[in-house]
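What follows is a structure written as structure tokens; I'll ask about it next.
The values are calculated or read from the model by the stated rules, or taken from the named source; none is laboratory data. This structure is a prediction, so every number in the text was calculated from the model and none was measured. A quick note on method: Cβ atoms are made from the backbone with ideal geometry, for glycine too, and the neighbour counts reach across all protein chains shown. In case anyone asks, the SASA skips ligands and DNA or RNA and just uses the protein heavy atoms, side chains included. Shrake-Rupley method; radii C 1.70, N 1.55, O 1.52, S 1.80 Å.
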Amino acid sequence: MAEVIQTDVIIIGGGPTGMVLAHELGRRGVRAVLFDDKPDTSILPAANATQARTMEHFRRLGLADEMRSQGLPADYPTDVTYWTRYSKHELARFELPASRDARAMIKTMSGSWSAAELPHRCSQMYIERILKDRAAQLPSIDLRFGWRVEAFEDHGSHVTAAGVSLKNGSGSQRAPQAASARFQARYLVGCDGPRSMVRKQLGISYAGEGGKKRDFMGGQMHAIHVRAPGLYDFLNQKRAWMYWAFNPERRAFMAAINGVDEFVFHTQLREEDGEHVSDADAQAMFCQALGANLDVAFLARLSWKAGFTLVAERYAAGRVFMAGDAVHLFTPAGGLGYNTGVEDAVNLGWKLAHVIKGWSPATLLDTYEGERQPIAVRNTGFARKFADSLGLFAPHAQIEEDSARGAALRAEAGDYFNRHSRAEFNIPGITFGGRYDGSPLIVADGTAPPADEPNRYEATACPGGRAPHAWLADGASLYDRFGFEYTLLALRGGGAGAWAQAAGARGIPLTTLVLDSDDLRDAYGADYALIRPDQVVAWRGDSLPDDTVLDRVTARASMPARVVA
């Protein structure tokens, strides 16, 4: 244990949140060591919905095309369907495009879906593999899968952690394998999930609703990753990404993983199912939802609990931060948990990098909790509403009857799920509408943002929200023209040079983007806009302000200091 390995940031947890954080740091040349006690990326499908805003961040990191090529075949529809049982009566269908079509469709869309990317339906297994493979190519990133950090210490001026290599671990990709080592860094970030060791050591609790009971999506659930080559023979000829089962005997949902023979199946466990599920029990549950007998191979199984709407009371203490499931726990309706974690990592990543590189003072980091915690409260609240809509609507005992009464009940359920699916799976307001109003890094201009509605998004450059997107005359995305750090968008040309010089004198990385466009001027409502590294509008105006705006948005202006526990 004599060796002490120096780095800038210690990341605990190698799921999507931890690895996106590694990308944000590594792309900026910041050193980070990432630990995960699994030998490799997850072998469980876990999350299956990458929202459009997350895809825009993957695009910014140069990963979107590779992400969109993974998972289901390019021509496979991503429809969401509702059934009594998967081989019986189809109740409702919400049609969504295949990944091949999404690339072309997004360039024709406007209004609420004026974006650089559409959502992508792809198992987290594939997402994590790409994130890991590409992070391993970043020279400043040291990935240590198969390593565990059991404790850490915040010394005030730095943090230390002891890392232990586990049996069968893959070890470090940057240094020779060793049984253990000590690590010293400027900061530590816990991306270590709902049972976060980091959160527990800090003594920080979740607040909110835990363990709400529902007929479905509230209570003990069981997940099964299955290989079932013959399953499509039982399903409707028109394939779908998501299949929901709605009958008195078994509530469940199933997502296609590879479009060939792999699926992930989740069912609510009832009292009669018991706590310990055998392979035979799992097979019976699957066949109940299918409505037919079919032998399947189990690739992995686990139990988990739904019904949570929890957000950590604090996101940081001293030099230690947390992100992802370590600070918010969702019932996975709407697919919001993984996507909220990615945006945590984006927000914290650029701020850590700017402080470490000396572009901003340490007070910049004090804004992380204030910006991200309200978004977690917002998003967990939306997810709870979706889970209530789905789980509190119980199946009628006669819904499967081959009778006029059964047909009427199926039509009634179909109408309900047609409305529900559009509410849960067409959510541009949630996807794009998160805002940082009130943040000390945002210069308000007196305008009010649109109402926060889950199914409607109104693009606005009102400071504090996502920068309005547009496709340019040459077919390029406006976002592709933004710099990786700050961007000054000049829509009437001229005058931007002085501001660029002021930024340069402060060591602030700034890209000046001059686009003489009436349409963009209308969209932004001003001649100039300052865009943050996370594509959020920090300031806008018709004339360039004095240099104090630069000091404000980079935290160089005086800010209240965070209380360090």
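List, please: which pairs have Cβ atoms under 8 Å, are six or more places apart or on different chains, and start with a residue in segment 485-497 that is open to solvent by 30 Å² or more (accessible area, probe 1.4 Å) and end with one that is of a type in the set (S, T, N, Q)?
Gly495/Ser543; Gly497/Thr512
Which one of Gly391, Gly429, Gly434, Gly438 is on the phi > 0 side of the Ramachandran plot and in contact (Cβ under 8 Å) with a residue 24 or more places away in the chain? So that I can check it myself, show each step before the final result.
Values: Gly391 fails: on the phi > 0 side of the Ramachandran plot; Gly429 fails: on the phi > 0 side of the Ramachandran plot; Gly434 fails: on the phi > 0 side of the Ramachandran plot.
That would be Gly438, the only listed residue that is on the phi > 0 side of the Ramachandran plot and in contact (Cβ under 8 Å) with a residue 24 or more places away in the chain.
Which of (1) touching a residue at least 40 places away in the same chain (Cβ under 8 Å); (2) more than 30 Å from Leu34 (Cβ to Cβ) is the odd one out, the single condition Asp101 does not satisfy?
Just one mismatch for Asp101, condition (1).
Still on this structure, please answer the following. Among the numbered criteria (1) closer than 16 Å to Leu138 by Cα; (2) buried (at least 20 other Cβ atoms within 10 Å of the Cβ), which single criterion is violated by Ala46?
All conditions are met except number (1).
Still on this model: Exactly one condition in (1) open to solvent by less than 30 Å² (accessible area, probe 1.4 Å); (2) among the charged types (D, E, K, R); (3) within 13 Å of Arg239 (Cβ to Cβ) is not met by Arg68; state its number.
(3)
Take the conditions open to solvent by 10 Å² or more (accessible area, probe 1.4 Å), of a type in the set (Val, Ile, Thr) and modelled with pLDDT of 95 or more and apply them to Thr17. Does it pass? Walk me through how you get there before you give the answer.
Details: open to solvent by 10 Å² or more (accessible area, probe 1.4 Å): yes; of a type in the set (Val, Ile, Thr): yes; modelled with pLDDT of 95 or more: yes.
Here the answer is yes, as Thr17 does meet what is asked.
Identify all residues within segment 507-535 that are assigned to a loop (DSSP other than H, G, I, E, B), under 24 Å from Arg28 (Cα atoms) and among the aliphatic types (A, V, I, L, M); write none if there are none.
Within segment 507-535, the first condition is being assigned to a loop (DSSP other than H, G, I, E, B), and the residues that meet it are 507-509, 515-517, 525-527, 532-535.
Checking the rest, the ones that are also under 24 Å from Arg28 (Cα atoms) come to 507-509, 532-535.
Passing the criteria: only Ile508.
Scan Arg31, Arg103, Arg59 and give me the residue that is closer than 22 Å to Asn426 by Cα, of a type in the set (Lys, Arg) and in contact with an Asp or Glu (Cβ under 8 Å, 6 or more places away or on another chain).
Details: Arg31 fails: closer than 22 Å to Asn426 by Cα; Arg103 fails: in contact with an Asp or Glu (Cβ under 8 Å, 6 or more places away or on another chain).
After ruling out the rest, the residue left standing is Arg59.
Among the residues of segment 1-13, is any open to solvent by less than 30 Å² (accessible area, probe 1.4 Å), assigned to a helix (DSSP H, G or I), modelled with pLDDT of 95 or more and in contact with a strand residue (DSSP E or B) (Cβ under 6 Å, 6 or more places away or on another chain)?
Of all residues in segment 1-13, those open to solvent by less than 30 Å² (accessible area, probe 1.4 Å) come to 7-13.
Restricting the remaining residues to those that are assigned to a helix (DSSP H, G or I) gives none.
No, every residue in segment 1-13 fails to be open to solvent by less than 30 Å² (accessible area, probe 1.4 Å), assigned to a helix (DSSP H, G or I), modelled with pLDDT of 95 or more and in contact with a strand residue (DSSP E or B) (Cβ under 6 Å, 6 or more places away or on another chain).
May I ask you to list the residues in segment 54-74 that are in contact (Cβ under 8 Å) with a residue 60 or more places away in the chain and assigned to a helix (DSSP H, G or I)?
Thr54, Met55, Glu56, His57, Arg59, Arg60, Glu66, Met67
Does at least one position in segment 553-563 carry a residue that is in contact with a strand residue (DSSP E or B) (Cβ under 8 Å, 6 or more places away or on another chain), open to solvent by 40 Å² or more (accessible area, probe 1.4 Å) and without any contact (Cβ under 8 Å) to a residue 40 or more places away in the chain?
Scanning segment 553-563 turns up no residue that is in contact with a strand residue (DSSP E or B) (Cβ under 8 Å, 6 or more places away or on another chain), open to solvent by 40 Å² or more (accessible area, probe 1.4 Å) and without any contact (Cβ under 8 Å) to a residue 40 or more places away in the chain.
So, Ala397, is that one modelled with pLDDT of 95 or more, assigned to a helix (DSSP H, G or I) and either over 35 Å from the mean Cα position of the chain (by Cα) or of a type in the set (Gly, Ala, Ser) (or both) or not?
Working: modelled with pLDDT of 95 or more: yes; assigned to a helix (DSSP H, G or I): no; either over 35 Å from the mean Cα position of the chain (by Cα) or of a type in the set (Gly, Ala, Ser) (or both): yes.
Judged against the criteria, Ala397 is not a match.
Suppose we filter segment 410-429 for residues that are open to solvent by less than 10 Å² (accessible area, probe 1.4 Å) and of a type outside the set (S, T, N, Q); how many remain?
Step one: of segment 410-429, the residues open to solvent by less than 10 Å² (accessible area, probe 1.4 Å) are 413-414, 417, 420-421, 424, 427-429.
From what's left, of a type outside the set (S, T, N, Q): 413-414, 417, 420, 424, 427-429.
Total meeting the criteria: 8.
Among Arg506, Arg481, which is over 25 Å from Thr367 (Cα atoms) and among the basic types (Lys, Arg)? Can you show your working first?
Numbers: Arg506 fails: over 25 Å from Thr367 (Cα atoms).
Among Arg506, Arg481, only Arg481 is over 25 Å from Thr367 (Cα atoms) and among the basic types (Lys, Arg).
Going by the conditions given, is Thr81 in contact (Cβ under 8 Å) with a residue 24 or more places away in the chain, closer than 20 Å to Ile141 by Cα and not small (Gly, Ala, Ser)? Don't jump to the end; show me each part of the working.
Working: in contact (Cβ under 8 Å) with a residue 24 or more places away in the chain: yes; closer than 20 Å to Ile141 by Cα: no; not small (Gly, Ala, Ser): yes.
So Thr81 does not fit the description; no.
Go through segment 293-319 and report how many residues are of a type in the set (Gly, Ala, Ser) and in contact with a Leu (Cβ under 6 Å, 6 or more places away or on another chain). Give the derivation first.
Residues of segment 293-319 that are of a type in the set (Gly, Ala, Ser), as a first pass: 297, 300, 303, 306-307, 312, 316-318.
If we keep only those that are in contact with a Leu (Cβ under 6 Å, 6 or more places away or on another chain) too, we end up with 300, 317.
Summing the residues that are of a type in the set (Gly, Ala, Ser) and in contact with a Leu (Cβ under 6 Å, 6 or more places away or on another chain) in segment 293-319 gives 2.
Additional query: I need a count of the residues in segment 501-524 that are open to solvent by 40 Å² or more (accessible area, probe 1.4 Å), closer than 20 Å to Asp546 by Cα, of a type outside the set (A, V, I, L, M, F, W, C) and in contact (Cβ under 8 Å) with a residue 12 or more places away in the chain.
Result for segment 501-524: 3.
Pull up segment 273-323, narrow it to residues that are open to solvent by less than 50 Å² (accessible area, probe 1.4 Å) and in contact with a Cys (Cβ under 9 Å, 6 or more places away or on another chain), then point me to the one that is farthest from Glu262 (Cα to Cα).
Going through the qualifying residues, I end up with Met322.
Now for a separate question. Looking only at segment 132-149, which residues are open to solvent by less than 70 Å² (accessible area, probe 1.4 Å) and either within 22 Å of the chain's Cα centre (by Cα) or aliphatic (A, V, I, L, M) (or both)? Working first, answer last.
As a first pass, look at segment 132-149 and keep what is open to solvent by less than 70 Å² (accessible area, probe 1.4 Å): 132, 135-136, 138, 140-147, 149.
Passing the criteria: Lys132, Ala135, Ala136, Leu138, Ile141, Leu143, Phe145, Val149.
Same structure again: Could you list, in sequence order, all residues of segment 528-544 that are surrounded by 15 or more Cβ atoms within 10 Å (Cβ to Cβ) and farther than 28 Å from Glu343 by Cα? Before the answer, list the steps.
First pass over segment 528-544, keeping only residues surrounded by 15 or more Cβ atoms within 10 Å (Cβ to Cβ): 528-541, 544.
Correct list: Leu544 only.
Given the criterion assigned to a loop (DSSP other than H, G, I, E, B) and in contact with a Ser or Thr (Cβ under 8 Å, 6 or more places away or on another chain), identify the matching residue among Pro97, Pro77.
Numbers: Pro77 fails: in contact with a Ser or Thr (Cβ under 8 Å, 6 or more places away or on another chain).
Of Pro97, Pro77, the one residue that is assigned to a loop (DSSP other than H, G, I, E, B) and in contact with a Ser or Thr (Cβ under 8 Å, 6 or more places away or on another chain) is Pro97.
Confirm whether Gly341 is assigned to a helix (DSSP H, G or I) and either of a type in the set (Phe, Trp, Tyr) or modelled with pLDDT under 95 (or both).
Details: assigned to a helix (DSSP H, G or I): yes; either of a type in the set (Phe, Trp, Tyr) or modelled with pLDDT under 95 (or both): no.
Here the answer is no, as Gly341 does not meet what is asked.
Of everything in segment 368-394 that's open to solvent by 50 Å² or more (accessible area, probe 1.4 Å) and over 25 Å from the mean Cα position of the chain (by Cα), which residue is nearest to Ala289 (Cα to Cα)?
Ala394
Related question: From Ser112, Ser123, which residue is over 21 Å from Arg27 (Cβ atoms), surrounded by 17 or more Cβ atoms within 10 Å (Cβ to Cβ) and touching a strand residue (DSSP E or B) at 6+ places or on another chain (Cβ under 6 Å)?
Answer to the selection: Ser112.
Go through segment 324-335 and give me each residue that's over 30 Å from Asp261 (Cα atoms) and open to solvent by less than 10 Å² (accessible area, probe 1.4 Å).
If the condition is that a residue be over 30 Å from Asp261 (Cα atoms) and open to solvent by less than 10 Å² (accessible area, probe 1.4 Å), then Gly324, Ala326, Val327, His328 are the ones that fit.
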